[in-house]
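Here the structure is laid out as structure tokens; the discussion comes afterwards.
The numbers here are math on the coordinates, done by the rules we state, and not lab data. Just so we're clear, the structure is a prediction, and the values are computed from it rather than from any experiment. Cβ coordinates were reconstructed from backbone atoms using ideal geometry, including for glycine residues, and neighbour counts include every protein chain displayed.
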Amino acid sequence: ARHGLVPVRELWQMRLDLASAPPEVADTEAPPPTTPTPAPRPLPDGVRVRAFVPGQDEDAWLRVNARAFTGHPEQGRMTLADLRAREAEPWFDPDGLLLAERDGALLASLWTKVHAPDATSPEPVGEIYALGVDPDAQGLGLGGALTGLALEHLATRGLRTVILYTERENTAAVRTYTRAGFVRSAVDVLLGSPARTEPPMDRTDPTVPTNPPDTPGSPASGTMER
């Protein structure tokens, strides 16, 4: 590697075209549906999903977010002030922040956002912004179920493309998103010294230099089912 540097972290962008026909439709003469999003996985017994309510759900969300992103340099350390600042952003939509609960206790959340058209895309683009599952709720299939519901939500907004960012090493997240139809579309590699010791990461790290927080490269997934 140049100057003795070696890859120490690899961040993937993954993309899903909501307007493309699924494989079983593409080879037939029948026209594909307008937005053939994958069918959401069934929710576990007793679990319901609802939208985030500003002024009500901040404390519970921050608690689960911290547990899901334990050790994450930024996402896991979000404060109430940080969350309020994001709620004030023009892109924030409480209907796009999905909460999975059982008996009133928050188990997981999935946060979506919509990027306005810009020089890289003439159309708005949806993003799976942050998916976090409480460690005690692993193994219930909540990551896949919330991903499917998030895609349905973004499709109802008329979006044709959805992106997300995740670490290559986060095999559980990659598996969940691949099952939902996402494919790898870009890679950012962080180079470092061979002697540098990287902490084990199973989640996207928004400190990768080419992807600062709140821009493409935001955390897509915290603790995921193995």
Per-residue Cβ contact counts at 10 Å, fewest first, order W111, W61, W91 as W91, W61, W111
Taking r as the C-beta separation of R168 and T79 and R0 as 35 Å, the FRET efficiency to the nearest 0.05 is 0.75
To the nearest 0.05, the calculated FRET efficiency linking D188 and A88 through their beta-carbon distance, R0 being 35 Å, is 0.80
If unit charges are put on Cβ atoms (+1 for Lys and Arg, -1 for Asp and Glu) and the dipole of the range 2-192 is taken about its Cα centre, the option from P54, M78, G126 lying farthest towards the positive end turns out to be M78
Here, D95 and D118, labelled 7 Å along Cα→Cβ, have an inter-label distance in nm of 2.4
Expected vector for the range 42-51, Karplus 3J(HN,Hα) from phi with 6.51, -1.76, 1.60 and θ = phi - 60°, integer Hz, x for Gly and Pro, equals x, 7, x, 4, x, 9, 10, 10, 9, 7
For the range 2-192, Rg(Cα) over 2.2 N^0.38 Å is 1.08
So the FRET efficiency between E10 and V53, C-beta based with R0 = 30 Å and rounded to 0.05, is 0.20
The size of the Cβ-based charge dipole (Lys, Arg +1; Asp, Glu -1) of the range 2-192 about the Cα centre, to the nearest 20 debye, is 380
